[in-house]
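The values are calculated or read from the model by the stated rules, or taken from the named source; none is laboratory data. Given the structure is predicted, the values throughout are model-derived calculations rather than measurements. Here Cβ is always computed from backbone atoms with ideal geometry, including for glycine, and neighbour counts include all displayed protein chains.
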Amino acid sequence: MRVFRTMGALLCIAFATGCATTYDVTYDYDQQTDFHQFKTYDWMPAPGNAMVNELVLAGVKNATDFELEAKGLVKAPAAPDFHVVPHVSATEKIDVANWGYGYGPRSNYLGSYWGTGGVPAYSFKEGVLALDFVDAKTNHLVWRGSTKADIDYLNSTEDRWEAIKKAVREIMRKYPPPPK
């Protein structure tokens with residue numbers, strides 16, 4: 001009986017971690033910038049042509065404020081060292097799981113392993129979040145962190161807030177970049 005409970009618990013953990021969203025974070029930065037000189041920040045509006053859900057944008061700002069303050073930075077609207085510019089979007093995507101042909105010993109390169117078949121594909125909504133840090137003195141982009149993830153499963157407000165917080169946390173792990 002104990003074996004079944006242990007196996008059940010392991011299967012639940014494996015299922016939960018398998019369904020968890022993974023964030024592929026990328027970042028780039030100006031290698032000439034000394035990021036330790038930045039002590040204060042403020043928000044710059046998103047570009048005028050951006051179609052942004054104000055509630056999502058508010059969540060991004062709150063989560064980013066929390067992460068920046070945890071790193072010792074202070075929000076200073078009067079005279080910040082850098083500005084944060086958020087970019088948020090959602091796009092319908094199509095993923096093709098298999099092209100319908102195989103390379104196994106019984107394959108003829110004309111169809112799948114068991115013959116010709118359809119190409120399995122599914123559509124999903126991909127969310128993209130990017131945070132730009134712009135030097136307030138020079139008005140030049142000095143750091144950008146971004147991530148994207150499947151957001152189809154975000155059906156409740158709580159799910160969306162948790163996903164935003166996690167995405168921002170993952171992006172901010174890359175800031176500040178390692179010194180030269």
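In the range 71-96, which residue that is without any contact (Cβ under 8 Å) to a residue 40 or more places away in the chain and of a type in the set (A, V, I, L, M, F, W, C) is farthest from Tyr175 (Cα to Cα)?
Val96
Residues being assigned to a loop (DSSP other than H, G, I, E, B), surrounded by 15 or more Cβ atoms within 10 Å (Cβ to Cβ) and in contact with a helix residue (DSSP H, G or I) (Cβ under 9 Å, 6 or more places away or on another chain): count how many of those fall in the range 157-179.
Qualifying residue count for the region: 3.
Please state which of the following conditions Asp132 fails to meet, knowing it meets all the rest: (1) in a strand (DSSP E or B); (2) at pLDDT below 95; (3) under 27 Å from Met44 (Cα atoms).
(2)
Can you give me the number of residues within the range 36-73 that are more than 19 Å from the chain's Cα centre (by Cα), hydrophobic (A, V, I, L, M, F, W, C) and at pLDDT below 95?
The number of residues fulfilling the criteria is 1.
Can you give me the number of residues within the range 60-75 that are among the small types (Gly, Ala, Ser) and closer than 15 Å to Pro45 by Cα?
Residues in the range 60-75 being among the small types (Gly, Ala, Ser) and closer than 15 Å to Pro45 by Cα: 0 in total.
So in the range 149-179, with the set limited to residues that are in contact with a Phe, Trp or Tyr (Cβ under 6 Å, 6 or more places away or on another chain) and of a type in the set (A, V, I, L, M), which one is farthest from Phe133 (Cα to Cα)?
Ala149
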